[in-house]
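Notes follow the structure.
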Amino acid sequence: MKLVRKDLEKDNAGQVTLIPEEPEDMWHTYNLLQVGDSLRASTIRKVQTESATGSVGSNRIRTTLTLCVETIDFDSQACQLRVKGTNIQENEYVKMGAYHTIELEPNRQFTLAKKQWDSVVLERIEQACDPAWSADVAAVVMQEGLAHVCLVTPSMTLTRAKVEVNIPRKRKGNCSQHDRALERFYEQVVQAIQRHINFEVVKCVLVASPGFVREQFCDYMFQQAVKTDNKLLLENRSKFLQVHSSSGHKYALKEVLCDPAVTSRLSDTKAAGEVKALDDFYKMLQHEPDRAFYGLKHVEKANEAMAIDTLLISDELFRHQDVATRARYVKLVDSVRENMGTVRIFSSLHVSGEQLGQLTGVAAILRFPVAELSDQEDESSSEED
């Protein structure tokens, strides 16, 4: 997604102009739009014309309209978005108040105005427009003395660091220079990984090389991590995936990503974060039910006690037609973050998001048991279902 312009007032009213660049951006756009918003985009309108002789004909004319959004229809298979509403700005072809449908599609600019931009919507724009946020795969392509640290997005590969160290050849009876240089090289690659890879976003790190370089590097990295008690690397050890490449040059990454075995393992890994969070919730529900809540009222009460460690919430809830209900979910997300809790927003298009939807779309893993809430009637969760 490309952000062309952003004009927000102090009260968070205002407008943004965006250009969706790939199919996933249409999903982001669908989540940004709400009934009552103002949408401005170019569209085609059938216009009737009358000639001097009195004969009536119709032409299709491209014009720019501003609609007050009434209905939003998203086709997830074709990634097409149809927005219907009434015209709210003077136009030579369309009367004020007349209905029209705008079809939004990739590479077509649009301007969206809201009376109130909340934190969840603004965060979605920031993530959609920052390529690093869509890069949930990182890669280290290496050979002895050369390494590229890259972020892989659906549409491009961003090189974040290039490490080059001259490695002397092994000599008979004296390998110390070679080993010292290799250790220095590995250390610089580890530093580049820590500096450029955001493990909160990245779900998988491919370590690719010819020969045994990747195995030796990973052994060195995790031995050092244990010695220095590097929690960042140790906690994310399971995200590192070793694969073969023909060289340490950036172009070798293409062959790695085309390997069917790698792509199938990647698809499993990328959804693993949400799947694990949901799995943790179900386990907690089974073994310590006082630390696993679902249903908006129960989760809100747990939040009042500052008990929420992880909030699981479906993006479907932020598309609620009722402004007050939507604001309630936004307030919950903001409050959990303020209390140093983790928020995981699930996509309702994914299987894990569908499962969460069956649990009212909102659930929480608690830091400590809150027994008195569990004893309440379950009417709150069924009421919010």
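Identification of strands (runs of 3 or more DSSP E) wholly contained in the stretch 1-57 with 2 or more residues that are in contact with a Lys or Arg (Cβ under 6 Å, 6 or more places away or on another chain) yields 14-19, 38-50.
Conditions (1) without any contact (Cβ under 8 Å) to a residue 12 or more places away in the chain; (2) assigned by the TED database to the domain that holds Val165, marked per residue:
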{"residue": "Ala192", "(1), (2)": "no, yes"}
{"residue": "Val201", "(1), (2)": "no, yes"}
{"residue": "Val207", "(1), (2)": "no, yes"}
{"residue": "Gln224", "(1), (2)": "no, yes"}
{"residue": "Ser238", "(1), (2)": "yes, yes"}
{"residue": "Asp279", "(1), (2)": "yes, no"}
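Here is a list: Gln109, Gln116, Gln191. Which entry is open to solvent by 10 Å² or more (accessible area, probe 1.4 Å) and over 30 Å from Ile88 (Cβ atoms)? Step through it out loud before you land on a result.
Details: Gln109 fails: over 30 Å from Ile88 (Cβ atoms); Gln116 fails: over 30 Å from Ile88 (Cβ atoms).
That would be Gln191, the only listed residue that is open to solvent by 10 Å² or more (accessible area, probe 1.4 Å) and over 30 Å from Ile88 (Cβ atoms).
Among the residues of the stretch 297-328, those that are part of a helix (DSSP H, G or I), touching a helix residue (DSSP H, G or I) at 6+ places or on another chain (Cβ under 9 Å) and touching a residue at least 60 places away in the same chain (Cβ under 8 Å) comprise Lys297, His298, Val299, Lys301, Ala302, Asn303, Asp315, Phe318, Arg319, Arg326.
Given Val262, Val275, which one is under 25 Å from Gly353 (Cα atoms), at pLDDT below 95, in the same structural domain as Val370 (by the TED database) and β-branched (Val, Ile, Thr)? It would help to see each step written out before you state the result.
Working: Val262 fails: in the same structural domain as Val370 (by the TED database).
None of the others qualify; the one that does is Val275.
Considered as a group, the residues in the stretch 62-104 that are among the aliphatic types (A, V, I, L, M) and modelled with pLDDT under 90 include one that is least open to solvent (accessible area, probe 1.4 Å), and that residue is Val94.
Scanning the stretch 37-85 for residues that are in contact with a His (Cβ under 8 Å, 6 or more places away or on another chain) and over 22 Å from Pro23 (Cα atoms) yields Arg45, Leu65, Leu67, Gly85. When restricted to residues that are closer than 20 Å to Ser347 by Cα, touching a His at 6+ places or on another chain (Cβ under 7 Å) and charged (D, E, K, R), the stretch 104-163 contains 1. Annotation note: Cβ proximity below 8 Å between a residue of the stretch 60-82 that is under 17 Å from Gln48 (Cα atoms) and a residue that is open to solvent by 60 Å² or more (accessible area, probe 1.4 Å) and not in a strand (DSSP E or B) (sequence gap 6+ or interchain) occurs for Ile61/Tyr93; Thr63/Glu92; Thr63/Tyr93. Exactly one residue among Asp219, Asp229, Asp179 is on the phi > 0 side of the Ramachandran plot and open to solvent by 10 Å² or more (accessible area, probe 1.4 Å), and that residue is Asp229.
Taken together, Phe217, Phe222 contain a single residue that is hydrophobic (A, V, I, L, M, F, W, C), touching a helix residue (DSSP H, G or I) at 6+ places or on another chain (Cβ under 6 Å) and assigned to a helix (DSSP H, G or I), which is Phe217.
The values are calculated or read from the model by the stated rules, or taken from the named source; none is laboratory data. These figures come from a predicted structure and were not determined experimentally. Don't worry about glycine lacking a Cβ; one is built from the backbone with ideal geometry, like all the others, and counts go over all protein chains shown. The accessibility values were calculated without ligands, DNA or RNA, using every heavy atom of the protein model including side chains. Shrake-Rupley method; radii C 1.70, N 1.55, O 1.52, S 1.80 Å.
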